[in-house]
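The values are calculated or read from the model by the stated rules, or taken from the named source; none is laboratory data. From a predicted model like this one, the values you see are computed outputs, not experimental measurements. Cβ atoms come from the backbone with ideal geometry, glycine included; neighbour counts cover every protein chain shown. To get the accessible areas, we keep the full protein, side chains included, count just its heavy atoms, and leave off ligands, DNA and RNA. Shrake-Rupley method; radii C 1.70, N 1.55, O 1.52, S 1.80 Å.
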Amino acid sequence: MKILFFGPNGSGKGTQGAIVKNEYDIPHIETGVIFRENISGGTELGKAAKGYIDRGELVPDSITIPMILDRLKGDDCKNGWLLDGFPRNLTQAQELDKALEKEGIAVDIVIDMVLDRQIAKNRIMGRRLCVNDNNHPNNIYIDAIKPDGDKCRVCGGELKIRSDDQDEEAIDQRHSIYYDTETGTTAAVNFFKDISAKKGMPKIVELDGSPGVKQVSAELLSKLSG
Ligand code: AMP
């Protein structure tokens with residue numbers, strides 16, 4: 001199963017992505033996580049990406065597109081993948097589509113999580129990252145996933161704050177890219193919706209990201225199986 005997962009920063013996309021990954025037993029490929037691992041590891045890729053990430057800008061396509069297309073050739077991707085955070089603009093969508101077509105691969109499902117921009121912004125500022133597992137959701141502003149004091153509510157691990165999560169200007173910048181219907185992420189979503197309208201594939205799953213985590217997961221799983 002090949003799945004693209006779209007949703008603005010703060011929509012809970014990462015949390016729901018982990019559920020989809022388990023449902024289909026496919027690798028969860030998160031562009032932002034790959035970049036952050038490279039920054040922590042002090043790699044050349046990390047050094048090249050850091051400034052863009054801190055400002056909430058996209059890392060240039062010349063770095064991001066080959067990085068992801070290469071990742072999709074990994075052995076663990078033979079039975080499918082869940083792409084989260086890519087494509088993030090129209091060019092990336094077109095290049096991904098072209099590369100997949102060349103390999104005779106089609107995207108099966110596009111998940112489009114919809115959330116109001118202001119709600120998404122508040123959620124970002126409250127989120128905390130578990131040092132042990134990126135998929136342990138913690139948010140000081142969401143009761144269902146409030147941390148246990150200053151520790152991870154799932155495993156008791158230390159919690160970190162992403163520097164780009166507390167910078168309002170960077171958040172606004174990321175959202176301006178996401179909600180841009182001309183060349184941004186919404187244009188990428190619409191690119192795949194147009195393909196679906198023409199070819200009947202991929203299946204489009206629209207998901208309201210505003211209810212609590214459990215309700216969103218239940219709706220997601222029911223729509224995936226329907
Ligand atoms: P995320 O963890 O998805 O919020 O991504 C964090 C940051 O990584 C973004 O604000 C961008 O700077 C960068 N990034 C993630 N995905 C992409 C992408 N597909 N293209 C360019 N930059 C990206």
Run the reach check for residue 151 against aspartates and glutamates, Cα to Cα strictly under 20 Å, same-chain hits fewer than 8 apart removed. What comes back? 133, 143, 165
Check the straight Cα-Cα distances from residue 50 and name the lysines below 24 Å, setting aside those fewer than 8 residues away within the same chain. 13, 121, 160
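What does the charge add up to near residue 211, with Lys and Arg as +1, Asp and Glu as -1, over the other residues with Cβ less than 13 Å from its Cβ?
Details: positive: 123, 214; negative: 116, 143, 208, 219.
Every neighbour counted, the sum reads -2.
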Rounded to whole Hz and in sequence order, give me ³J(HN,Hα) for segment 110-118 from the Karplus expression 6.51 cos²θ - 1.76 cosθ + 1.60, θ = phi - 60°, writing x for Gly and Pro. 10, 9, 10, 7, 10, 8, 4, 4, 5
Report the calculated FRET efficiency for residue 114 and residue 214 (r = Cβ-Cβ distance, R0 = 30 Å), to the nearest 0.05. 0.95
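Find the Cα radius of gyration of the chain, compare it with 2.2 N^0.38 Å by division, and give the number to two decimals.
Values: Rg = 16.8 Å, N = 226, 2.2 N^0.38 = 17.3 Å.
The value comes to 0.97.
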If you build a Gaussian network model of the chain, linking Cα atoms that sit under 10 Å apart, which residue out of 104, 200, 85 swings the most? 104
Take the chain, connect every pair of alpha-carbon atoms lying under 10 Å apart with a spring to form a Gaussian network, then pick out the residue of 143, 108, 180 with the largest mean-square fluctuation. 143
Roughly to the nearest percent, how much of the accessible area of the chain is carbon and sulfur, given a 1.4 Å probe? 49 percent
Computed lengthening from residue 79 to residue 183, 0.36 nm per intervening residue step minus Cα-Cα distance: 34.4 nm
Could you calculate the contour length gain from residue 190 to residue 146, that is, 0.36 nm times the residue separation minus the distance between their Cα atoms, to one decimal place in nm? 12.4 nm
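Report for the chain the percent antiparallel among DSSP-assigned beta bridges with both residues inside it, nearest 5. Walk me through the numbers on the way to the answer.
On the way: 6 of 23 bridges.
Counting only bridges with both partners in the chain, antiparallel ones make up about 25 percent.
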The chain - charge dipole about Cα centre, Lys and Arg +1 at Cβ, Asp and Glu -1, debye rounded to 20: 300 debye
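Evaluate E = 1/(1 + (r/R0)^6) for residue 61 and residue 154, where r is the Cβ-Cβ distance and R0 equals 30 Å; express this FRET efficiency to the nearest 0.05. Walk me through the intermediate numbers first.
On the way: r = 35 Å, r/R0 = 1.17.
For residue 61 and residue 154, the calculated efficiency is 0.30.
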Lone Cys, the chain, Cβ cut-off 4.7 Å -> 77, 155
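How much space per residue, in cubic angstrom, does the convex hull of the C-alpha atoms of segment 2-53 take up? Walk me through the numbers before you get to the answer.
Values: hull volume 5.1 nm³, N = 52.
Per-residue hull volume (Cα only) is 98 Å³.
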What whole-number value in Å² describes the accessible area per residue of the chain for a 1.4 Å probe? 49 Å²
In segment 65-151, which GluC sites (Glu not before Pro) fall in coil by DSSP and have 16 or fewer other Cβ atoms within 10 Å? 103
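Quote the FRET efficiency, to the nearest 0.05, computed for residue 101 versus residue 33 with a Förster distance R0 of 22 Å and r equal to the Cβ-Cβ distance. Don't skip to the end; give the middle numbers.
Values: r = 27 Å, r/R0 = 1.21.
Efficiency, rounded to the nearest 0.05: 0.25.
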Counting other Cβ atoms within 10 Å, keep those with at most 16, restrict to DSSP loop, and tell me which trypsin sites (Lys or Arg not before Pro) in segment 144-173 are left. 162
What are the ³J(HN,Hα) couplings of segment 197-213, residue after residue, when phi is run through the Karplus curve with 6.51, -1.76, 1.60 and θ = phi - 60°? Round to Hz, x for glycine and proline. 5, 7, 9, x, 8, x, 6, 9, 10, 8, 9, 7, x, 7, x, x, 3
